[in-house]
Every structure is written in C-alpha cells, then in structure tokens.
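J.: Take a look at the following structure, please.
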Amino acid sequence: MALTRDQILGAEDRTTVRVEVREWGGHAFLRPLSLAERVELESRKDGATPDAALALTVAFSLCDEQGARLFTEPADITALTQKSAAVLLKLGARVKRMNALTQQDIEDMAGNSAAAPPSSAPTPSPNG
C-alpha cells in the first residue's frame, strides 16, 4: 500500500528513547533529529572545537519524555562541555547511531544509493 501525503506527514517517526545514565543518578531521554535540526547541527558544528561539537550533538537530542529539547541556550553548550567526557561520549555515540551521523553511515547511504538502480530501470539479463 502506497502511503499518502497525510500519512507520511502524520507519522510519528521521532520517538524518544530512554537511556540510563548512572553517572548522573537516573535516566535521560534522547530523540532523533529532524532534517532541519540535523542541518542546523551540522552548520553549528562547522568550525566548533571538538568538545563543543560533541556537546552540541548531545544537546540537540537530549529531551524530556514528550520530546521537547532540554538544552536550547548557547550557555547550555558551554555547561555541557564541563560534564563527564565518558558520559557525553556514550550519549554522543547513541545520538550518532540513532541519526545515522557516523562516517560509516554516510558512506553506506552513499554506496547504497549509488548501487541501487532506479525501480523503473530494466534489470539486465544474466546472459547479456
């Protein structure tokens, strides 16, 4: 069944994920980024120091249970850079996986899209 415009736009495809953070004494929620957020994140990371880039990545995904971002102020990024590197690296890795942000994800997507023939293209015969 082909999806309609309304079905696609109405689909809830950004559900939150609960992540235990023992070092902080509880759990946090992460959510996938929208395309607009991903573009904004990549733009803001350009030229940022590695610690600020990691803090931005985590800040864009940390949310409350309803999916509202917790960290939206510029000072939040600076504050997050002062938190445990181990925790931020763990959360950052999770954010990258759930948003296909790793270099391998990008290469896989590029390889898959380049290798996949259009659905209307004829399939070559094995006999030539």
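The values are calculated or read from the model by the stated rules, or taken from the named source; none is laboratory data. Computed from a predicted model, the values in this text were never measured in an experiment. Cβ placement follows ideal geometry from the backbone for every residue including glycine, while neighbour counts extend to all protein chains displayed.
J.: Which condition does Gln82 not pass, out of (1) modelled with pLDDT of 70 or more; (2) surrounded by 11 or more Cβ atoms within 10 Å (Cβ to Cβ), if it passes all the others?
T.: Just one mismatch for Gln82, condition (2).
J.: Given the residues Ala52, Ala86, which is the only one that is without any contact (Cβ under 8 Å) to a residue 60 or more places away in the chain and in a helix (DSSP H, G or I)? Write out each step before concluding.
T.: Details: Ala86 fails: without any contact (Cβ under 8 Å) to a residue 60 or more places away in the chain.
Only one candidate passes the filter, namely Ala52.
J.: Could I ask something else about it? Of the residues that make up the range 85-95, is at least one modelled with pLDDT under 90 and either in contact with a Cys (Cβ under 7 Å, 6 or more places away or on another chain) or surrounded by 14 or more Cβ atoms within 10 Å (Cβ to Cβ) (or both)? Quick ask: steps written out before the conclusion?
T.: First pass over the range 85-95, keeping only residues modelled with pLDDT under 90: none.
No, that holds for no residue.
J.: Considering (1) more than 20 Å from Met98 (Cβ to Cβ); (2) in contact (Cβ under 8 Å) with a residue 60 or more places away in the chain, say which one Arg38 fails and leave the rest.
T.: (1)
J.: Could I ask something else about it? From the list Phe60, Phe29, which residue is in a strand (DSSP E or B) and either at pLDDT 95 or above or touching an Asp or Glu at 6+ places or on another chain (Cβ under 6 Å) (or both)?
T.: Working: Phe60 fails: in a strand (DSSP E or B).
From the options Phe60, Phe29, the qualifying one is Phe29.
J.: Let me ask you something else. Please go through the range 21-42 and pick out each residue that is more than 16 Å from Ala59 (Cα to Cα) and either surrounded by 13 or more Cβ atoms within 10 Å (Cβ to Cβ) or of a type in the set (D, E, K, R) (or both).
T.: Arg22, Glu23
J.: Kindly list, by first and then second residue, each pair from a residue in the range 1-23 that is modelled with pLDDT of 95 or more to a residue that is assigned to a helix (DSSP H, G or I), limited to pairs with Cβ atoms under 7 Å and residues at least 6 apart or on different chains.
T.: Partner pairs satisfying both residue conditions: Val17/Met98; Val19/Leu91; Val19/Arg94; Val21/Val87; Glu23/Val87.
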